[in-house]
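The values are calculated or read from the model by the stated rules, or taken from the named source; none is laboratory data. Note that the coordinates shown come from a computational prediction; the quantities given were computed from them, not determined experimentally. Ideal geometry is used to build each Cβ from the backbone, glycine not excepted, and the neighbour counts take in all protein chains shown.
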Amino acid sequence: MIIVTFKFKKPLEELLAKFEEHNKFLDEYFANNKFIASGPLENKTGAIIVAMSDSLEEVRNIMKLDPFCVYDLVDLEFTLFQANKISSNLLSN
């Protein structure tokens with residue numbers, strides 16, 4: 001699994017202007033089970049996506065398609081980790 005951490009580089013208003021495009025991007029990758037969770041940080045300075053992949057290259061290439069990245073609104077940090085335990089509820093969905 002890979003955690004993608006977004007750090008917002010631009011004012012929230014600029015991000016909100018691209019939010020619909022970003023949300024369509026998310027929908028596509030949730031539908032094909034590449035993403036399993038996403039959402040903003042509580043302090044609104046960034047966001048997180050949890051990606052189901054063992055390939056950092058694959059996730060980096062996917063993220064290049066995110067409108068927030070296309071329009072250079074965010075910086076990304078990638079953290080690859082091995083999930084030793086996963087909730088059966090998550091796996092059954």
Study note, to complete from the structure: Going through (1) of a type in the set (Asp, Glu); (2) over 14 Å from residue 6 (Cα atoms); (3) not in a helix (DSSP H, G or I) one by one, residue 28 fails only at (3)
Practice item. Report, by residue number, each residue of the stretch 52-79 that is at pLDDT below 95 and either closer than 30 Å to residue 17 by Cα or among the hydrophobic types (A, V, I, L, M, F, W, C) (or both). Key: 52, 53
Practice item. Write out, first by first residue and then by second, each pair whose Cβ atoms fall under 7 Å of each other, whose residues are 6+ apart or on separate chains, and whose first residue, in the stretch 26-37, is surrounded by 14 or more Cβ atoms within 10 Å (Cβ to Cβ) while the second is in a helix (DSSP H, G or I). Key: 29/62; 34/62; 35/26; 35/29; 36/90
Check your understanding: From the set of residues in the stretch 45-79 that are part of a strand (DSSP E or B) and of a type in the set (Asp, Glu), which is surrounded by the most Cβ atoms within 10 Å (Cβ to Cβ)?
Key -> 75
Review point. Within the stretch 56-93, which residues are under 24 Å from residue 13 (Cβ atoms) and in contact (Cβ under 8 Å) with a residue 60 or more places away in the chain?
Key: 68, 72, 73, 74, 75, 76, 77
